[in-house]
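Input: a single structure, listed below in structure tokens.
Each reported figure results from applying straightforward, stated rules to the coordinates on display, with no laboratory input. Worth saying up front: this structure is predicted, and the values here are computed from it rather than measured. FYI the Cβ positions are ideal-geometry reconstructions off the backbone, even for glycines, and counts take in every protein chain you see.
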Amino acid sequence: MKKESVVKLVLSGMFVALAVVLSTFSIPVGGSKCFPIQHMVNVLSAVFLGPWYGVGIAFCTSLIRNLLGTGTLLAFPGSMIGALCCGLVYKYTGKLTFTYVAEIIGTGIIGGLFAYPVAAFVMGKEVAFFVYVIPFLVSTVGGTLIAAVLITVLKQNHVLEKLQTLVKEGRIAR
């Protein structure tokens, strides 16, 4: 196994652990709660690891949260679609602003729409087609803003590019 793959696998495990442990953190927004950490992790994994690692991280996080009883099946479509969208956008454009928008559209709108069949046919709930879009949007906007602030700080301190290089080369920072 290449050293690069080991570093990416370790970083993926750290992102999964971060998302699972901090999934209890929520921010009340109106009548809903914003669980922003998964969306922050989606953006960070897009920037550091790419789309396929991001989807894997989102899947593992959703699976573990479901096994622990702290998540629902609705976490799968939202988090995985958002991770894929922002990962692909960052991979092909390298533009952070587009990546943030892709996470919001991917999770908030597309993931919110894909949550409907999961809720209706897998979970047996009677829900409207657009019912999950607003709550997913609230959550993903919060997490994306946290990621944007974190990435901006890393970029301003000239750390972002160094970390990306270390991950790409398979080196561990000392």
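So if I average 1/r over every pair of distinct C-alpha atoms in the stretch 1-92 and take the inverse, what Kirkwood radius in Å does that give? Radius from the Kirkwood sum: 13.3 Å. Among 121-132, 95-106, the peptide with the highest mean count of other Cβ atoms within 10 Å heads the list, and the full ranking is 95-106, 121-132.
Take the Kirkwood radius over Cα pairs of the chain, plug it into Stokes-Einstein at 37 °C and 0.692 mPa s, and you get 204 µm²/s for translational diffusion.
Scoring 18-24, 138-144 by mean Cβ neighbours within 10 Å over their residues and listing the highest first yields 138-144, 18-24. When the P(r) is computed for the stretch 102-168, the part past 18 Å accounts for 54% of the Cα-Cα pairs. The separation of the stretch 42-101 from the stretch 147-173, counted between C-alpha centres, amounts to 18 Å. Phi-derived couplings, Karplus 6.51 cos²θ - 1.76 cosθ + 1.60 at θ = phi - 60°, listed residue by residue for the stretch 108-123: x, 9, 5, x, x, 6, 6, 6, 4, x, 5, 5, 6, 9, 8, 8 Hz, with x used for Gly and Pro.
Span-like helix check, the chain: qualifying full DSSP H segments, with Cα axial length of 20 Å or more and mean Kyte-Doolittle of -1.0 or more, are 3-21, 51-68, 75-93, 133-156. Simple point charges give the picture: +1 on the Cβ of Lys and Arg, -1 on the Cβ of Asp and Glu, and for the chain a dipole about the Cα centre of about 500 debye. Of 111, 54, 69, the residue with the greatest mean-square motion in the GNM of the chain, using alpha carbon springs below 10 Å, is 69.
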